[in-house]
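J.: This structure is in structure tokens; I'll ask about it shortly.
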Amino acid sequence: MSEPAEASEAVYAAFQWVSLLSAGDFSTAWATMTPPVRLALTQLWITANPEVLDTVDDRDLLAAELAQPGPNHALREDLSRVTEREIRRVTTHPVEDRELGLATTHRPLSPGLEIARLVPLDQLDQSNGQAV
């Protein structure tokens, strides 16, 4: 990956996160996600797998436990496997081992929330040695 020389903290975080996924380190990538994102992904998994509720009484408590950075729960392995597969399907799988770069400057959406678009550099015009 080609990290831009001058970029925001969010852009560096995006590059780091994609690097973790590419390296197969989903546990660390999971831990770097914000608590609301982990909780939303966990709730999505629980909703898609209602049979897991046969083993617990409180869906919200289960989601809160599983959304922790390193939960020690019997269902953690299943959550991790499915969630990693789905995240990879829409992030690193389409680009595989291609070199990534920043598509445009990051876009702040609200305090603490930015979009950093990473694109394969081989999709860009390489005129004068600079990808555009």
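J.: Which ones in the range 70-91 are open to solvent by less than 60 Å² (accessible area, probe 1.4 Å) and among the small types (Gly, Ala, Ser)?
T.: Across the range 70-91, the qualifying residue is only Ser80.
J.: Out of all the residues in the range 25-42, is one or more of a type outside the set (D, E, K, R), open to solvent by 90 Å² or more (accessible area, probe 1.4 Å) and touching a residue at least 12 places away in the same chain (Cβ under 8 Å)?
T.: No, the range 25-42 contains no residue that is of a type outside the set (D, E, K, R), open to solvent by 90 Å² or more (accessible area, probe 1.4 Å) and touching a residue at least 12 places away in the same chain (Cβ under 8 Å).
J.: In this structure, does Ala67 turn out to be touching a Pro at 6+ places or on another chain (Cβ under 8 Å), of a type outside the set (Val, Ile, Thr) and open to solvent by less than 60 Å² (accessible area, probe 1.4 Å)?
T.: Yes: the conditions hold for Ala67.
The values are calculated or read from the model by the stated rules, or taken from the named source; none is laboratory data. Note that this is a predicted model, so its numbers are computed, not measured. Virtual Cβ from ideal backbone geometry, glycine too; neighbours counted across all protein chains shown. Areas reflect the complete protein model, heavy atoms only, side chains present, ligands, DNA and RNA absent. Shrake-Rupley method; radii C 1.70, N 1.55, O 1.52, S 1.80 Å.
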